[in-house]
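Below is one structure; the comments refer to it alone.
The values are calculated or read from the model by the stated rules, or taken from the named source; none is laboratory data. Quick caveat, the model's predicted, so the values are computed rather than measured. Cβ atoms come from the backbone with ideal geometry, glycine included; neighbour counts cover every protein chain shown.
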Amino acid sequence: MLKKISKFFRRNNLDTTKGPHILRSGQHALSPQKISSGARKVVEQLSRDGYQAYLVGGCVRDLMMELKPKDFDVATDATPEQVKQLFKRSRIIGRRFQIVHVRMGPEIIEVTTFRAHHTDKKIHRDKAQRSAKGMLLRDNIFGSIDEDASRRDFTMNAFYYRPQDNSVYDYANGLPDIEQRLIRIIGNPTDRYREDPVRMLRAVRFAAKLGFKLEENTANAISKTYQLLADIPPARLFDEVLKLLINGHALATFHLLRQYQLFGILFPATEDALAKDPGYYLRFVEQALTNTDKRIRSGKHVTPAFLFAALLWPALKEWEQQYTKQDDSPIYSLQKAAGEVATRQCQRVAIPRRFTLPMREIWELQLRLPRRAGSQAFRLMENKRFRAGYDFLLLREDAGEIESELGQWWTIFQDADEGKQQEMVNAIQQPKSKRRRRKKPSQPKKPVHD
């Protein structure tokens, strides 16, 4: 379908400077039936009330590529307040970039108002602000659909679709880029990254997800601006990291993040560890992300606690070595290292406490799982983090950190009946406890008399 579309444009010599390319019904792969009922209802309601309304961005791009969109977004000339008045089950979210979430049955449709460029005449501090480095702190200047299209991030996301007449509007010549499998930023790449450094992460995420390449200028500008990513609030970076790594393409994303020096901004301690030991540490992270991709693609759940435990394991091992050299006990060394790693990481990516606590428990279980004698194995099985700790142990074995005997033992133990489990526990040599000799109380010295 994309090749047919590209031929259509070449045959008609359409000029991208004279407004959008318009694809009428029959010239593209879309149809109103492919749009969710909630999205159609939102567009229809806005149109009935006299507003412009289009399906926009990634959902249109995916449908053009005959992929299934994850969700549907709507762009309109109605302001957030007008959208909220029109739909009872809606709420305005965001301060930096106001959008409206409209609930239609089980669906949440994201509705954005057309954005305009920031000119001197239009800027008001309550609606638009920039940092000293050019980053957009607020972006609530509204404008026309033409202005909105030029404010979009990539050419492949500047598509607008009208289900009423089944027409697609390509404002940034995105169709040829899709055919060539290119991600091209709209406008000057350096300026656009300065406006919002998260666009660099989005470029990498789309490249990994779609199997596209970054257009040359789009890629080269990252080397000039990647350090600006450190200025993004840690809470926002947490959300972006989840989008990057829990989408079924985590391994490809990881390689691209390292290629463009972005991984070190997100996970500086892990990047330092990878530089010290590019052998085992790299195998471990790659194996963790490979397993994550398999689980996501098979429809299984992946907890962020386990993912962050894996990504920060190289950093933990480096800090653990430092404390071990100080003759601290293994558990104390691990606990101190875990606290150091978690604290430092949260300064860059704000991992919520509901994930850092189980993350640390998974790490501590790595010291407890070898202790199986007596009733210890049965108690460990009752631990709510046991399964995650066991999976993490297998991950370490797969990456070659430790031998596979322990993992095999626990695999058999879980499936065995009670009698067999007791036999396995009895076969384990109880470590001999080193009895300390009690020191005899020292006798007080007799006073010396002259």
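Entry remark, segment 208-227: residues being surrounded by 17 or more Cβ atoms within 10 Å (Cβ to Cβ) and assigned to a strand (DSSP E or B) number 1 in total.
Criterion first (on the phi < 0 side of the Ramachandran plot and surrounded by fewer than 21 Cβ atoms within 10 Å (Cβ to Cβ)) does Tyr281 satisfy it? So Tyr281 fails the test.
Looking only at residues of segment 195-204 that are surrounded by fewer than 22 Cβ atoms within 10 Å (Cβ to Cβ) and modelled with pLDDT of 95 or more, we find that the one that is nearest to Ala252 (Cα to Cα) is Arg202. When the residues of segment 169-193 are filtered to those that are of a type in the set (A, V, I, L, M) and within 19 Å of Ala208 (Cβ to Cβ), which remaining residue is modelled with the lowest pLDDT? That would be Ile178. Only residues that are of a type outside the set (Asp, Glu) and farther than 27 Å from Ala342 by Cβ were counted across segment 362-414, and they come to 13. Is it true that some residue in segment 206-229 is aromatic (Phe, Trp, Tyr) and out of contact with any strand residue (DSSP E or B) (no Cβ under 9 Å at 6 or more places or on another chain)? Yes, some residue in segment 206-229 is aromatic (Phe, Trp, Tyr) and out of contact with any strand residue (DSSP E or B) (no Cβ under 9 Å at 6 or more places or on another chain).
The residues listed here are Lys317, Lys294, Lys336; of these, the one that is touching a residue at least 24 places away in the same chain (Cβ under 8 Å), assigned by TED's automatic domain parsing to the domain that holds Lys243 and either out of contact with any helix residue (DSSP H, G or I) (no Cβ under 9 Å at 6 or more places or on another chain) or farther than 15 Å from Asp391 by Cα (or both) is Lys317.
What is the one condition in (1) more than 23 Å from Met200 (Cβ to Cβ); (2) in contact (Cβ under 8 Å) with a residue 40 or more places away in the chain that Tyr281 does not satisfy? Against the list (1) more than 23 Å from Met200 (Cβ to Cβ); (2) in contact (Cβ under 8 Å) with a residue 40 or more places away in the chain, Tyr281 comes up short only on (2).
Scanning segment 7-28 for residues that are surrounded by fewer than 15 Cβ atoms within 10 Å (Cβ to Cβ) and at pLDDT 50 or above returns Lys18, Gly19, Ile22, Arg24, Ser25, Gly26.
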